[in-house]
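A.B. asks: Quick one: structure below, then a few questions.
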Amino acid sequence: MVHHSHALTEESGRAGLAEAVASGETDTLDRRMAALCSYARKLTRTPATVSEGDVAALRRAGLDDRAIVDANQVVAYFNYVNRVVEGLGVELEERWPAAVRTRRRYAGDLYAGLPTLDPAALPWLSVDQMREVDRLMVDEVGIALEQMMENAGFNLALLARLLLGGDARGRAVVVLAGPGGNGGGAMVAARHLAVAGAQVRVLLGAPPERLAPVPAHQHDILRRMGLDVQAGGPALGPADLVVDGLLGYSQAGPPRGDAARLLQATAGRRVLALDVPSGLELATGTLYTPHVVAEATMTLAAPKQALRSPGAAVAVGALYLADISVPPLVWERLGLAHPSPFGTHPIARIGGNLDASLR
Amino acid sequence: MSWVGATADAGGLDNVLASHTLNPGALRAHVALYRRVMFGDSPLGRAEREAIAVAVSAANDCHY
């Protein structure tokens, strides 16, 4: 990375280009380079899934067969040389500045092999439909709210680990938990992250006596575990990651009170939002002030319509979908065809723009 | 530096090449492939080739 990020900056004259390529944010790249990077990423991560359609995508981007052969050679060469480096413990030369020599992670979700889902192949639910999913899960399937919440929080903790570079141990995580189901899921994530070795603090968006019954149960568990749980909107303090579970899909109107104060304090922090970023009213797509600016949002069961409204993008960040085991009969009752997207992993990225250019 | 030995004349080489000077034939073939693929005639521009290098190395989490 270090050697060729430097070379790419020199060759292109564009300072931010290497970071954009490394993170898969290809919006700023021209079509050819975006297509080349998509092909490179796919052939590196999942070589057996590359198909003739991927080569056709390169042709559509204006590359002839010789260019495609050359691109393939560069991808193959760097997979070779990366393995020389990792297999023999090759260190960066002394000439590189100390700040550059510190090893860091680049792949993030790529590293965990998370699949990417085609947004067009998913049902995008209204708030009423999501409420009906939850009702059917409890009333018709018999899956209790505690069970759904456990799956949500477990997956949220899994994604938090990935955003922390694959290891939560010793990392400072601040969990913001509201009084409803969203806060309950965040408190489940707080428990899993604390058990995994993270330094977890939980800040409640409402006084403990206002917690709904199931979130109150989660809160009780955290207290028995001796976790640092506070209410009343104290300062966030140091955090490698902030988990936003203040407001869920039912939120309406601008955030108020302690929740609003906590949301304001998230400015400039790395935020992972559960289900919906706090401050985004899903029923209308209105983004209120204050709201979180999430690096990633992990939504549950199926994406909600307002999460893809243009005005919401700044708050949503990268959108992930997590499994809470909604069976086919629930989707059938809603009149939706929704084959499970969780065949390989309980969390998937929805429509990363890098993969979008392959279509 | 790396976890394996290198020949005495490896000084001046980048560490990735110095790491396999114990097999000079493989090293020569490596360098020839590198030069051909990254600097040889191609419809791909230099920046495009470096962008592929960055995309692959990021996907492999290879910091070097």
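A.B. asks: How do the peptides A:201-207, A:62-68, A:303-309, A:181-187 rank, highest first, by the average count of neighbouring beta carbon atoms within 10 Å per residue? Write down the numbers at each step before the final one.
C.D. replies: On the way: A:201-207: 23.1, A:62-68: 15.1, A:303-309: 20.3, A:181-187: 29.9.
Top of the packing list down: A:181-187, A:201-207, A:303-309, A:62-68.
A.B. asks: Quick one: helix A:127-136 against the long Cα principal axis of chain A, what's the angle to the nearest 10°, folded into 0 to 90?
C.D. replies: Compared with the principal axis, the helix lies near 70 degrees.
A.B. asks: Rg/Rh for chain A to two decimals, with Rh computed the Kirkwood way over all alpha-carbon pairs.
C.D. replies: Numbers: Rg = 21.8 Å, Rh = 21.9 Å.
Ratio of gyration radius to Kirkwood radius: 1.00.
A.B. asks: Determine how many Å³ per residue the convex hull of the Cα atoms of the stretch A:17-77 encloses. All intermediate terms of the calculation are to be shown ahead of the outcome.
C.D. replies: Working: hull volume 5.1 nm³, N = 61.
Taking only Cα atoms, the stretch A:17-77 has a hull volume of 83 Å³ per residue.
A.B. asks: While we're here: What three numbers, in Å, describe the spread of the alpha carbons of the stretch A:304-352 along their principal axes, ordered from the longest?
C.D. replies: Principal extents (largest minus smallest coordinate, Cα): 34, 25, 15 Å.
A.B. asks: Ok, one more. How far is the Cα center of the stretch A:1-60 from the Cα center of the stretch A:114-178, in Å?
C.D. replies: Measuring centre to centre over Cα atoms gives 30 Å.
A.B. asks: Helix-only estimate, please: 222 nm mean residue ellipticity of the protein assembly as shown, summing -39500 (n - 2.57) across DSSP H runs of length 4 or more and dividing by its residues, to the nearest 500. Spell out each step's value before the answer.
C.D. replies: On the way: 17 runs with 183 residues, N = 423.
Here the helix-only value at 222 nm equals -13000 deg cm²/dmol.
A.B. asks: Given bins 5 angstrom wide, list per bin the percent of all Cα-Cα distances in the stretch B:8-59, short to long.
C.D. replies: 4, 18, 20, 21, 19, 13, 4, 0
A.B. asks: Take every residue in peptide A:67-76, count the Cβ atoms of other chains within 10 Å of its Cβ, and give the average of those counts.
C.D. replies: Values: counts 5, 2, 3, 10, 7, 2, 9, 12, 6, 3.
Counting Cβ atoms of other protein chains within 10 Å of each residue's Cβ and averaging gives 6.
A.B. asks: Along Cα→Cβ, 7 Å out, is where each label goes; now give me the distance between the ones at B:ASP9 and A:ASP167 in nm to one decimal.
C.D. replies: Here the modelled spin labels are 4.0 nm apart.
Each reported figure results from applying straightforward, stated rules to the coordinates on display, with no laboratory input. Just so it is clear, the structure is predicted and the values come from calculations on it, not from any experiment. So basically every Cβ, Gly included, is an ideal-geometry build from the backbone, and we count neighbours across all protein chains shown.
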